[in-house]
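Structure record follows, encoded as structure tokens.
The values are calculated or read from the model by the stated rules, or taken from the named source; none is laboratory data. All values derive from a computational prediction rather than experimental measurement. Virtual Cβ from ideal backbone geometry, glycine too; neighbours counted across all protein chains shown. When the accessible area is computed, the model is the full protein with side chains, heavy atoms only, and any ligands, DNA or RNA have been set aside. Shrake-Rupley method; radii C 1.70, N 1.55, O 1.52, S 1.80 Å.
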Amino acid sequence: MATMAMPAESTQTMKAVVRRRWGRPRDVVELDEIRKPTLGDDEVLVRVHASSVNRSDYYSLGGAAILMRPMIGGFLRPKDERVGGDFAGVAEAVGKNVTDVRPGDEVYGVRSGAFSEYVTPKLAVARKPANLSFEEAAAVPIAALTALEALRDHGGLQPGQRVLVNGGSGGVGTFAVQLAKALGAGHVTAVCSPRNVEQARQLGADAVIDYTRDDYARGGDRYDLIVDVAGTHSWRQNLRVLVPGGTLVLTGMPMSSNRLTGPMGRLARLWLTSRIGRGRRLVFFVCKPNRANLATLRELIEDGKVRPTVDRVYPLAEVADALEAMGEGHTRGKLVVRID
Ligand SMILES: NC(=O)c1ccc[n+]([C@@H]2O[C@H](COP(=O)([O-])OP(=O)(O)OC[C@H]3O[C@@H](n4cnc5c(N)ncnc54)[C@H](OP(=O)(O)O)[C@@H]3O)[C@@H](O)[C@H]2O)c1
């Protein structure tokens, strides 16, 4: 295995997006030169070609929910100045304990600080799908890993089941619709706004509900599994349309104008009310990116069963605009950041 030794403390610098205080994207995000990361024994040094924006990147700026700041790290100011999570690029060097990636491999995965020229992933790095460009591959990791975990691990999806994806048109939702079909769901319903109805059909949804006209919780259809990306309904409303034994897997919450708690107040209410389950259960989870799931996604993508939907590509210098767009809560597929 080829291994390249790195100095213990790098003196080289790289371009990276940073934020050194809490606030809204356009107020705090800047492009700067910072120290290039050094390579640990279990890590891969990746030259990043593209990244993509997730809601967690938006929340990590701490402007949307003051009470989230200690969870992000830091109270008066962020402990880690870097931003970003998803990356796709080329492995330049690998630590001595890394056996599944070699220098020169095209890889994708998750590592904090991915809006930068270099990252050093450890747990979540794998060869990228060969049939995707770097920009497309960067749109996959966090959103698709979340959708995969929601359906397969937390939702326990069984072949033939009826699935509803509430919020089937954004980052997580576009993957959830495709993955539900790929994992054998019998019938998949996507819920989205009118401008995204056709896209949801093209992704494989058997039925699409335009939420501006119809409310899925008032309809006559029943579901074994609801993957709720949008978080717009109460537990009581969801109970109406879940079959006995059915599961609601909640991945997210709507954007909130409460600057103190952000989405956390609503999440707490939903969780508390779900204690009265009436034979149905609610699961909330935080995605744990790993190599195995990245490899599963690579296979599904190379087999043509799943594809990322890229809404728009931004240059690194315009990450603040991409984050502002993410904060509006109506992204169509993924917002990608080109790093070159
Ligand atoms: N638990 C985890 O580990 C994890 C991981 C990743 C993401 N998340 C969370 O999951 C959520 C979604 O993330 P994302 O990256 O997919 O965000 P996103 O790209 O902004 O997508 C959100 C989607 O919600 C839809 N939506 C908005 N209002 C709606 C409504 N009233 N009814 C139904 N759909 C509605 C929007 O579709 P339209 O434009 O068609 O309205 C949009 O496509 C966020 O809250 C995020 O924090 C959690």
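Here are some notes:
- Cβ-based net charge around residue 75, under 13 Å, with every Lys or Arg adding one and every Asp or Glu removing one: +4
- With DNA, RNA and ligands ignored, accessible area of residue 22 (1.4 Å probe; Å², nearest 10): 30 Å²
- The distance between label points at residue 303 and residue 193 comes to 3.4 nm (points 7 Å beyond Cα on the Cα→Cβ vector).
- When only the Cβ of Lys, Arg, Asp and Glu is charged (+1, +1, -1, -1), the dipole of the chain relative to its Cα centre reaches about 1260 debye.
- The stretch 195-340 - percent relative contact order, Cα under 8 Å, separation 6 or more: 17 percent
- Multiplying the residue separation of residue 158 and residue 259 by 0.36 nm and subtracting their alpha-carbon distance yields 32.4 nm.
- Whole-percent carbon and sulfur share, accessible surface of the stretch 115-166, 1.4 Å: 50 percent
- Springs join every pair of Cα atoms under 10 Å in this Gaussian network model of the chain, and among 122, 181, 79 the largest mean-square fluctuation is at 79.
- Extension gain, residue 288 to residue 32, is 89.2 nm, computed as 0.36 nm per intervening residue step minus the present C-alpha separation.
- The mean sequence distance of close C-alpha pairs (under 8 Å, at least 6 residues apart), as a share of the length of the stretch 1-127, puts its relative contact order at 32 percent.
- Whole-number percent relative contact order across the stretch 4-76, with pairs defined as alpha carbons under 8 Å at least 6 apart: 32 percent
- Gaussian network model of the chain, Cα within-10 Å springs - most flexible of 272, 242, 250: 272
- With all protein chains modelled, accessible area of residue 330 [1.4 Å, Å²]: 110 Å²
- Excluding same-chain neighbours fewer than eight residues apart, the lysines reachable from residue 122 by a Cα-Cα span under 19 Å are 36, 96, 288.
- Euclidean distance between Cα centres, the stretch 240-283 to the stretch 291-338, Å: 25 Å
- Amide H within-cut-off set for residue 126, under 5 Å, with H built and near neighbours excluded: 108
- When the Gaussian network model of the chain links Cα atoms closer than 10 Å, the mean-square fluctuations of 284, 87, 115 top out at 284.
- Reachable lysines, given that their alpha-carbon falls under 17 Å from the alpha-carbon of residue 305 and they are not under 8 places away in the same chain: 128, 181
- Segment residue 24-residue 96, extension gain: residue separation times 0.36 nm, minus the distance between their alpha carbons: 21.9 nm
- Projected label distance in nm at residue 272 and residue 42, using a 7 Å step from Cα toward the beta-carbon: 3.8 nm
- Dipole of the chain [Lys/Arg +1, Asp/Glu -1 at C-beta], most positive-end residue of 205, 140, 253: 253
- Helix-only [θ]222 nm of the chain, DSSP H runs n ≥ 4, -39500 (n - 2.57) each, per residue, nearest 500: -6000 deg cm²/dmol
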